[in-house]
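Derivation of every value follows stated rules applied to the coordinates shown; laboratory data play no part. Predicted model, so just to flag it, every value in this text is computed and none were measured. In this analysis, Cβ positions are derived from the backbone assuming ideal geometry, glycine residues included, and neighbour counts consider all displayed protein chains.
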Amino acid sequence: MTPDVLTVRPQQTLGEVAHTMVERDIRAMPVVDDAGSLIGMVTHRELLRYLIPDFLQRTKSGEFRAPTHSQLQRGTADPRLIAVKDAMARSVLCLSEDQTLSDVANLMSSKDVDRFPVVREGVVVGFLTRADVIRRLIAP
């Protein structure tokens, strides 16, 4: 478990969060209120959903094609300015500190989730990833 978790506030922007995630090589950040209570999560998935402009469309081959002139003229608000509270995942699976490694591994497998915030009385106290579980499983 990583005890020193970088968190984000709901009023921050996706641009700020994306910058932090790229700079620190982080794939997910818990969103907390002023009391430190978990209220959501921002992952690469949410960032991609909002930061890739609507006018980028996938072709049948899966590649993106450039926008047309009329699409560019329509314009959209800068998605980097979207507040985290408007883009975050609100339903977040959490762990408690007393859950066993076996329970965590089973939950990761059954829910296909590769990282969880660890909470104590609703407050984020750590973060656990699949890599953490694997490291623990192979430790002597």
Requested in this report: Could you pull out every residue, at least 5 positions away or on a different chain, whose amide H is within less than 5 Å of the one on V125? Hs are placed 1.01 Å off N in the peptide plane, and Pro or chain starts have none.
Outcome: V118, V119, R120
Report summary line: Phi-derived 3J(HN,Hα) across region 37-45 with the Karplus relation (6.51, -1.76, 1.60, θ = phi - 60°), rounded Hz, x for Gly and Pro, is 7, 5, 10, x, 8, 10, 10, 4, 4
**Report entry** Inter-site label distance for D98 and R120 at 7 Å from Cα along Cβ, in nm
**Finding:** 1.3
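Beta carbons within 10 angstrom, averaged per residue: use that to sort the peptides 84-90, 3-9, highest first.
Final packing ranking: 84-90, 3-9.
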Query raised in the report: Separation between the E16 and S109 pseudo-spin-labels, each 7 Å from Cα along Cα→Cβ, expressed in nm?
Result: 4.1
